[in-house]
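A short worksheet on the structure shown next.
The values are calculated or read from the model by the stated rules, or taken from the named source; none is laboratory data. Computed from a prediction, not measured in an experiment: that's the story for all the values here. A quick note on method: Cβ atoms are made from the backbone with ideal geometry, for glycine too, and the neighbour counts reach across all protein chains shown. Only protein heavy atoms, including side chains, enter the accessible area calculation; ligands, DNA and RNA are left aside. Shrake-Rupley method; radii C 1.70, N 1.55, O 1.52, S 1.80 Å.
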Amino acid sequence: MKSCIVWQTDFSLDWPFVATMRGVCKQVDASIECIDSTHTIEKFNVLEASQQLQYVEPYWPKGTVFVSVVDPGVGTKRKACIALLNDGNYVVTPDNGTLTHVYYNVGIQEVREIDETRHRYEGTEAVSVFHGRDIFAYAAAKLASGKITFEEVGKAYPVEDIVLLDKEYLKASVTSDVIEGIVSNVSDPFGSIVFNILTEDFQRVGYKEYDVVHVKLENEQGIYFEQDVPYVKSFGYVDIGEPVLFNSSSEYISLGLNQDSFKDKYHVKAGLLWKAHLYKVKK
């Protein structure tokens, strides 16, 4: 059975670039199934690409080919690569940090640089700004269809040489119930934000359902949120418009508002400058 291709980009669907990539795949093999994950990643946001890939990848069967194109360095010397993950899936992407979350949380068995002399859509050699179509889609389709093996992608290079983002984005240092982390993701369309605090770490240091947590959020301009917030299962445990701390589907701790957007109300961004301080309110 041929592998499925799962796509994510920052291209949006407002112009025909995604359809162009699908067309290249269909020329390689018309029977390849192409599934969209998201095309609304924030422009040039490699961190978000890494996070979104991590959210989706574990739920697909072995052999799935993921294509992630968030590529602010397109046309430069950054590598175009295909990574074989420890669970048997593949990621086709620029090696620019997009592999960070799967590197740490899934593991990468091997990575190969795509040989553009053999795996580039013919007639595009003069174009340097659309590798999503000309290299990534074309190489992914050849791999997914079985026309090439992983070994035929190109030369392997050390997994240790993969470009990685700061590990602080992934995981806060959680040694007690006083936790200092960051806002690591704000892409939830309902407006919740995600901290770099793993649910398992949060619970390991003693947090449990119905605890009240003091949450303070700040950036360079000062404190933009400070309040006691209940840690419960879901939004319906608080009144409409009230904040709630919960376990997100990505297995990190998240903060949201019941039927409202925390991100929009408090104008939150993600990154190392957006600090989160949490501690348990004593009863």
Taking amide H positions as placed in the peptide plane 1.01 Å from N, state which residues far from Ile114 in sequence (5 or more) or on other chains have amide H under 5 Å from it. Ala80, Cys81, Ile82
Enumerate the amide H contacts of Val229 below 5 Å, restricted to partners 5 or more residues apart or on another chain; note that Pro and chain-start residues carry no placed amide H. Val213, His214, Val215
DSSP loop chymotrypsin sites (Phe, Trp or Tyr not before Pro) with at most 15 other Cβ within 10 Å excluded, longest remaining stretch of the chain: 45-189
Write down the accessible area per residue of the stretch 147-273 in Å², having rolled a 1.4 Å probe over the full set of protein chains. 52
Other-chain or far-sequence residues with amide H under 5 Å of Ile108's (modelled H): Asn86
Explain nothing, just compute: Karplus ³J(HN,Hα) = 6.51 cos²θ - 1.76 cosθ + 1.60, θ = phi - 60°, for every residue of the stretch 251-264 in order, whole Hz, x for Gly and Pro. 6, 10, 6, 10, 10, x, 10, 5, 6, 7, 9, 5, 4, 6
How would you classify the stretch 1-133 from its alpha-carbon gyration tensor, with a ≥ b ≥ c the square roots of the eigenvalues: rounded for a/c under 1.5, else prolate if a/b is greater than b/c, otherwise oblate? rounded
Which FRET efficiency, nearest 0.05, do Asn258 and Val56 yield, Cβ-Cβ r, R0 30 Å? 0.70
Listed residue pairs exceeding 20 Å between alpha carbons, taken from Lys233/Lys265; Lys2/Lys26; Lys62/Lys142; Lys79/Lys269; Lys208/Lys263; Lys171/Lys269: Lys233/Lys265; Lys79/Lys269; Lys208/Lys263
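Please compute the length gained on full extension between Val212 and Tyr104, using 0.36 nm multiplied by the number of residues separating them and subtracting their Cα-Cα distance. Numbers along the way, then the final one.
Numbers: separation 108, 0.36 × 108 = 38.88 nm, distance 3.10 nm.
Stretched out fully, the Val212 to Tyr104 stretch lengthens by 35.8 nm.
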Loop-only check: which trypsin sites (Lys or Arg not before Pro) in the stretch 133-170 are DSSP coil with at most 13 other Cβ within 10 angstrom? Lys147, Lys155
When the Karplus curve 6.51 cos²θ - 1.76 cosθ + 1.60 is applied with θ = phi - 60°, which whole-Hz ³J(HN,Hα) does each residue of the stretch 214-230 get, with x for Gly and Pro? 7, 10, 10, 10, 8, 9, 5, 7, x, 7, 10, 7, 8, 6, 7, 10, x
Please list, in order along the stretch 170-181, the HN-Hα scalar couplings obtained from phi with the Karplus expression 6.51 cos²θ - 1.76 cosθ + 1.60 (θ = phi - 60°), rounded to whole Hz, x for Gly and Pro. 7, 8, 6, 7, 10, 10, 8, 7, 9, 10, 10, x
Using semi-axes √(5λ) of the Cα gyration tensor in Å as the read-out, say which of [x] 36, 22, 17; [y] 39, 18, 17; [z] 29, 21, 18 was calculated from these coordinates. [y]
Accessible area of the chain belonging to carbon and sulfur atoms, whole % at 1.4 Å probe: 51
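Going by the alpha-carbon gyration tensor, a ≥ b ≥ c the square roots of its eigenvalues, is the stretch 147-283 rounded (a/c under 1.5) or, if a/c is not under 1.5, prolate (a/b greater than b/c) versus oblate? Write down the numbers at each step before the final one.
On the way: a/c = 2.02, a/b = 1.89, b/c = 1.07.
Prolate is the answer for the stretch 147-283, as a/c is 1.5 or above and a/b outweighs b/c.
Which FRET efficiency value, to the nearest 0.05, is calculated for Thr117 and Ser31 with the Förster distance at 25 angstrom and r the Cβ-Cβ distance? Can you show the working numbers first?
Numbers: r = 27 Å, r/R0 = 1.07.
Once the sixth-power term is evaluated, E becomes 0.40.
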By a straight-distance test (C-alpha under 16 Å), which lysines pair with Lys77 as possible cross-link partners, with residues fewer than eight away in the same chain excluded? Lys155
